[in-house]
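Q: Please find one structure pasted underneath; my questions will follow.
The values are calculated or read from the model by the stated rules, or taken from the named source; none is laboratory data. Quick caveat: nothing in here was measured; it's all calculated off a predicted structure. Quick reminder, even Gly has a Cβ in these numbers, built from the backbone with ideal geometry, and neighbours come from all protein chains shown. Areas reflect the complete protein model, heavy atoms only, side chains present, ligands, DNA and RNA absent. Shrake-Rupley method; radii C 1.70, N 1.55, O 1.52, S 1.80 Å.
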Amino acid sequence: MARPFRQQVDEGILDRAAALFARRGFAKTSVQDVAAAVGLSKAGLLHHFPSKDALHEAVLAQADTIGKQVLDHVRDLPPGADRDRRAVEILVDVALAHPGLVALMLAPATQLGSEDADPGTATTELVLQAFAVDRESTEPQRLVRVVGALAGLAVLTLAAHAEDRTTAWRPHIVDTCTDALGHRRPSAALSDPHQAEA
C-alpha cells in the first residue's frame with residue numbers, strides 16, 4: 001500500500017476510533033466496534049494497529065499533536081477576544097477535518113468531574129490553555145463560558161458533518177462559539193430589543 005494512502009487510511013481509523021472512545025469510553029469500545037465503523041474486518045484493523053491498546057495510544061498521540069498545534073497558533077496572543085476567536089477558528093477547522101479526534105479532545109472538558117471520561121485530559125488541558133484557562137484558578141463565569149463554547153463547537157461541527165454543511169456552517173459555528181465566550185461581534189444585532197447582552 002502506498003505510504004500517502006496508508007497514512008490517510010490510518011488517520012481515518014484514528015478519527016473513527018476517537019469518536020467511539022469519546023462516546024463510549026475505552027473500556028466499552030471493542031476492536032470489532034472500531035473495525036465495523038471503518039469498514040474493515042477485525043483482522044484488517046489489527047493489520048494497521050496490532051492491539052486495542054496500540055490503537056488507543058495512537059489516538060491519544062494524534063489528539064495531543066493537534067492540541068499542541070492549536071496552542072502553538074495562539075500562544076503568543078494576549079488573552080482576550082482576538083485570542084479566543086483565533087482559538088475557536090482553529091478548533092472549528094480541526095473539528096470539521098477530524099470530528100472524532102476533537103470529540104475525544106473536548107469530552108473531558110465538557111464532562112468536568114466525570115469518572116467515565118476517557119483519559120484525554122492532558123490534551124483537553126492544552127485546549128483550555130489556548131483560551132488562557134486553568135480549571136483551578138480561572139473564575140467560574142469564564143470557565144463556564146469556555147466549556148460552553150467547546151461543547152457547542154463539538155455539537156455543531158458534528159451536526160455540520162451529519163447535514164453535509166461543513167463549509168456553509170463554518171462561519172456560523174465560529175460566531176456562535178465566539179458569542180458564547182462573551183465576545184459580541186460589532187455587526188451582531190440583538191434579535192429582540194429587550195434581550196439582555198451576555
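Q: Which ³J(HN,Hα) values, rounded to whole Hz and listed in residue order, are derived for segment 28-38 from phi using the Karplus coefficients 6.51, -1.76 and 1.60 in 6.51 cos²θ - 1.76 cosθ + 1.60 with θ = phi - 60°, glycine and proline given as x?
A: For segment 28-38, the Karplus-derived couplings read 8, 10, 9, 4, 5, 4, 5, 4, 5, 5, 9 Hz, x marking Gly and Pro.
Q: So with the 1.4 Å probe, I'd like the accessible area per residue for segment 1-93, rounded to whole Å².
A: Values: 5030 Å² over 93 residues.
Per-residue value: 54 Å².
Q: Next question, about the same structure. Within segment 1-65, what whole-number % of the accessible surface is contributed by carbon and sulfur, with the 1.4 Å probe and all protein chains included in the calculation? Each step should come with its number before you reach the end.
A: Working: 1930 of 3560 Å².
Carbon with sulfur: 54 percent of the solvent-accessible area.
Q: Taking a virtual spin label 7 Å from the Cα of Asp82 along the C-beta vector, which residues in segment 170-184 bring their backbone nitrogen under 17 Å of it?
A: 183-184
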